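The values are calculated or read from the model by the stated rules, or taken from the named source; none is laboratory data. Since the structure is predicted, the reported quantities are computational estimates derived from the model, not experimental observations. For neighbour counting, all protein chains shown are included, and Cβ atoms are generated from backbone atoms with ideal geometry for every residue, glycine included. Just the protein is used for accessible areas: all its heavy atoms, side chains included, with ligands, DNA and RNA removed. Shrake-Rupley method; radii C 1.70, N 1.55, O 1.52, S 1.80 Å.
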Amino acid sequence: MNVNHGKWFGITASALLLTGMLAGCSDNKDTGDQPTASPETSTPAPKGDPVTLKVEVFDRGNAPAGAGPVDNNFWTQWIQKNFGDPNNIKLEFVPVPRNQEVAKLNVLMATGDAPDIVFAYDLNTVNNYVKSGGLTDVGSLIDQYGPNLKKFLGTEVLSYGLFTGKQYSIPAKRTLQYTQSSYIRKDWLDKLGLPVPTTTEQFYNAMKAFKEKDPGNTGGKVIPFGFSALGGSGINTPIVLASSFVEKLSEEDFYALSTTRPVLELMKPGFKNGVQFLNKMNHEGLIDSDFALDKDGKTFEKNVANGLVGAFTAVAAHPTLMGPGNLFDTLKKNVPGAAYVAMDPFTNSEGKHPKNIYGPSGMHIMIPKASKRAVEAIKYLDWMSQQDVLFTLTNGIEGQHYTLENGYPKAITTDEAKQTFYNNVDIAIVVNGKDFGSLEKNIEATTLAFPDYKDIAKQSILNALADGYTEPRFERPIEAENKYNKTLVDKSQEAIVKSILAKPEEFSKIYDALSQEFLKLGGQAVIDERREAYKEMK
């Protein structure tokens with residue numbers, strides 16, 4: 001079977017449509033500061049001393065004044081009242097610094113001090129815990145104690161937590177799978193009489209025109225296509241452009257070569273041509289040759305805000321771009337009349353616009369093998385998966401944290417509201433995002449966060465999902481990835497950066513040499529093991 005980047009997802013494809021409204025529960029509605037608990041949690045507390053359930057919570061260090069610590073605030077108290085007290089369970093939230101999450105969790109797991117509920121986004125970390133026998137198989141527990149959890153997540157999402165046939169993790173449900181979208185200065189296009197690009201050729205022609213005619217009157221400072229360091233903390237990337245050059249892959253090659261950790265994109269046929277295209281753009285002055293020095297993306301952001309960047313690819317509908325007081329607002333103040341629109345120009349040989357998107361699952365929720373509270377942990381996640389409970393945890397309380405606008409909750413942004421709502425994303429761990437029952441509704445609700453940029457936000461999401469593909473998933477850990485990951489990520493980024501900046505006549509020599517180094521440092525071992533794992537599944 002031949003596939004092009006694996007399984008394609010059109011924007012109207014049923015595979016991207018989310019499941020129906022969250023799993024039903026009580027008819028009780030939120031009232032006042034403390035919504036009524038559902039019937040399942042309102043039964044009298046069992047007699048005897050309460051048991052303690054320890055739950056990890058991210059500490060991002062960004063709590064607003066008066067909010068209280070992440071382990072004792074409005075929402076931890078609300079959870080205790082509505083779940084803990086009725087079930088004779090004392091909730092204890094264990095803070096883990098967000099920027100040190102893996103290192104901290106590794107220590108807690110190694111010493112046996114991990115909370116009863118932990119989580120991680122990094123699949124390699126999860127694989128290591130599976131390999132070491134450090135996790136509880138929760139399959140039968142979900143069947144017995146998690147009917148709401150099972151209904152809310154669904155079979156597809158839960159399958160992402162299967163390892164060697166056992167349910168070692170409970171993946172959170174990702175309600176929107178989009179990642180990257182591209183943007184271009186519409187006022188510059190209008191000034192030059194050019195259309196919004198829909199192909200790579202049109203994009204290149206527009207970049208050449210921006211460079212040669214400088215429609216923004218930058219005095220020669222124009223950066224037609226902007227991006228920052230690969231692997232840095234910026235939100236932008238040139239990889240979507242480069243990846244559009246990848247050639248048609250067999251299903252086996254797709255499984256063998258498709259992973260972003262480490263970056264095996266380097267080995268896909270055609271990707272070299274994409275990097276060479278960026279090399280050509282660099283040689284012609286169409287990108288900023290100092291991009292690799294911009295580790296935090298702040299130089300890129302400054303250039304956008306000052307009206308120097310003609311186009312870029314970045315995270316779709318991102319607060320840095322569209323949130324109040326951020327880049328697009330600053331650009332308007334600095335350059336009256338300046339405006340970006342969303343575009344989707346990078347085409348492959350079949351005329352499609354390939355781009356990597358997230359899978360339907362988010363972070364992995366796990367119960368350590370050492371935990372004595374696995375049943376209580378599943379009951380907690382099951383309670384959280386009920387419609388009323390999850391809606392409240394993700395949106396707050398009507399009148400206090402949100403008002404309804406066209407049927408969707410719109411956040412109240414007063415200081416008082418922020419004090420009690422700031423960490424909800426880290427409390428409602430069974431979901432990544434907010435679920436309103438369908439892809440269209442989820443997109444519409446997301447755009448409410450950008451009232452001044454609703455149209456561009458919506459279009460950027462649609463573009464980011466169009467022809468999107470997800471990475472293939474294996475039923476067992478790929479040991480070589482765990483072993484060589486850091487080395488290969490660094491080497492792949494070095495190869496791409498040096499190849500972009502190489503003299504055109506030296507491009508192939510440099511790209512090929514660094515690609516061979518990549519293979520020798522463990523890349524070939526990863527590819528071979530992924531190919532073997534694919535054959536095992538077949």
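Structure summary
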{"item": "Selection from region 102-137 of residues that are under 21 Å from E481 (Cα atoms), open to solvent by 30 Å² or more (accessible area, probe 1.4 Å) and among the polar types (S, T, N, Q)", "result": "N106, N128, S132"}
{"item": "Residue list for region 417-436, restricted to those being small (G, A, S), in contact with a strand residue (DSSP E or B) (Cβ under 8 Å, 6 or more places away or on another chain) and either in a loop (DSSP other than H, G, I, E, B) or in contact (Cβ under 8 Å) with a residue 60 or more places away in the chain (or both)", "result": "G433"}
{"item": "Test: residue in region 517-528 that is basic (K, R) and out of contact with any Asp or Glu (no Cβ under 8 Å at 6 or more places or on another chain)", "result": "yes"}
{"item": "Residue match in region 485-493 (condition: under 22 Å from Y255 (Cα atoms) and of a type in the set (G, A, S))", "result": "yes"}
{"item": "Selection from region 349-382 of residues that are under 30 Å from D455 (Cα atoms) and under 24 Å from the mean Cα position of the chain (by Cα)", "result": "K352, H353, P354, K355, N356, I357, Y358, G359, P360, S361, G362, M363"}
{"item": "Those residues of region 86-96 which are outside any helix (DSSP H, G or I) and open to solvent by 40 Å² or more (accessible area, probe 1.4 Å), in sequence order", "result": "K90, E92, P95"}
{"item": "Looking only at region 475-505, and only at residues there that are within 15 Å of T259 (Cα to Cα) and of a type in the set (V, I, T), the one that is surrounded by the fewest Cβ atoms within 10 Å (Cβ to Cβ)", "result": "T487"}
{"item": "In region 194-212, the residues that are hydrophobic (A, V, I, L, M, F, W, C) and under 21 Å from S244 (Cα atoms)", "result": "V196, F203, A206, M207"}
{"item": "Qualifying positions in region 445-457 - of a type outside the set (A, V, I, L, M), free of Cβ contacts under 8 Å to residues at least 40 places away in the same chain and over 13 Å from Y340 (Cα atoms)", "result": "P451"}
{"item": "Boolean, D113 is more than 23 Å from W75 (Cα to Cα), without any contact (Cβ under 8 Å) to a residue 12 or more places away in the chain and either out of contact with any Pro (no Cβ under 8 Å at 6 or more places or on another chain) or among the hydrophobic types (A, V, I, L, M, F, W, C) (or both)", "result": "yes"}
{"item": "Region 382-406, residues that are more than 16 Å from A172 (Cβ to Cβ), open to solvent by less than 10 Å² (accessible area, probe 1.4 Å) and in contact with a Gly (Cβ under 8 Å, 6 or more places away or on another chain)", "result": "I397"}
{"item": "Long-range neighbours under 6 Å by Cβ, at least six apart or interchain, first residue assigned to a loop (DSSP other than H, G, I, E, B) within region 154-171, second open to solvent by 10 Å² or more (accessible area, probe 1.4 Å) and not aliphatic (A, V, I, L, M)", "result": "Y160/S361; G161/Q167; T164/R476; S169/H364"}
{"item": "Only listed residue being among the polar types (S, T, N, Q) and open to solvent by less than 30 Å² (accessible area, probe 1.4 Å), chosen from S508, S515", "result": "S515"}
{"item": "Any helices (runs of 4 or more DSSP H) falling wholly within region 172-282 and containing at least 3 residues that are farther than 23 Å from A502 by Cα and at pLDDT 95 or above", "result": "186-192, 200-213, 251-257"}
{"item": "Subset of region 327-358 [among the small types (G, A, S) and in contact with a helix residue (DSSP H, G or I) (Cβ under 9 Å, 6 or more places away or on another chain)]", "result": "G337, A338, A339, A342"}
{"item": "Residue match in region 408-417 (condition: at pLDDT below 90, open to solvent by 50 Å² or more (accessible area, probe 1.4 Å) and touching a Ser or Thr at 6+ places or on another chain (Cβ under 8 Å))", "result": "yes"}
{"item": "Matching option when the condition is within 25 Å of F421 (Cβ to Cβ), at pLDDT below 90 and of a type outside the set (F, W, Y), among N82, N62", "result": "N62"}
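Let's see how each residue does on (1) touching a helix residue (DSSP H, G or I) at 6+ places or on another chain (Cβ under 6 Å); (2) open to solvent by 10 Å² or more (accessible area, probe 1.4 Å); (3) under 21 Å from Q202 (Cβ atoms):
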residue	(1), (2), (3)
V263	yes, yes, no
L286	yes, no, yes
T313	yes, no, yes
L321	yes, no, no
